[in-house]
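All remarks here apply to the structure that follows.
The values are calculated or read from the model by the stated rules, or taken from the named source; none is laboratory data. Since we're looking at a predicted model, the values are computed, not measured. Ideal geometry is used to build each Cβ from the backbone, glycine not excepted, and the neighbour counts take in all protein chains shown. Each accessible area value is taken on the protein alone, full model and side chains, heavy atoms only, with ligands, DNA and RNA left out. Shrake-Rupley method; radii C 1.70, N 1.55, O 1.52, S 1.80 Å.
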Amino acid sequence: LLHDWCQKHKLPVPRYVAKEDKEDPTRFICKVVLPDKRKPDSDVVLWMNDPAPSKDEAQQRAAVVALARVNMNLPLERLLP
């Protein structure tokens, strides 16, 4: 959903960095970077510190957090399963 939102608003594609959780190496946390195409100093960086069981799920959770951050009026409860 975040990728689609960025494309719709002609913004650069978000970058994800998933890492193993320090406390539990079987779980993952993720950082998402929303690049600012005009000012690299203004990139939005968000962490999803709630560990997820897989890298993919950690990225999905971080995407939802980022989407809520950039578009607070979007009714996420209608879009998410």
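Leaving ligands, DNA and RNA out of it, report the carbon-plus-sulfur percent of the accessible area of the chain at a 1.4 Å probe. Before the final figure, lay out the partial values.
Working: 2950 of 5840 Å².
Ligands and nucleic acids excluded, carbon and sulfur reach 51 percent.
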If you project the alpha carbons of the stretch 2-47 onto the principal axes, what extent comes out on each, in Å, largest first?
37, 23, 9
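Would you mind checking the pairs Lys8/Lys55; Lys8/Lys37; Lys31/Lys55 and listing those with alpha carbons more than 20 angstrom apart? Walk me through the numbers on the way to the answer.
Numbers: Lys8/Lys55 25 Å; Lys8/Lys37 15 Å; Lys31/Lys55 11 Å.
Pairs exceeding the cut-off: Lys8/Lys55.
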By how many degrees, 0 to 90 and rounded to 10, does the Cα axis of helix 55-70 deviate from the longest principal axis of the chain?
40 degrees
Cβ-based net charge around Val33, under 9 Å, with every Lys or Arg adding one and every Asp or Glu removing one
+1
Expressed per residue, the solvent accessible area of the chain in Å² (1.4 Å probe) is about 72 Å²
May I ask you to list the aspartates and glutamates whose Cα is less than 16 Å away from that of Lys19, ignoring any residue fewer than eight positions away on the same chain?
Asp50, Asp56, Glu57
Just how many % of Cα pairs in the chain lie over 18 Å apart, if you round to the nearest whole percent?
43 percent
Counting only residues 5 or more apart in sequence or on a different chain, those whose built amide H sits under 5 Å from that of Val44 are Leu34, Asp36
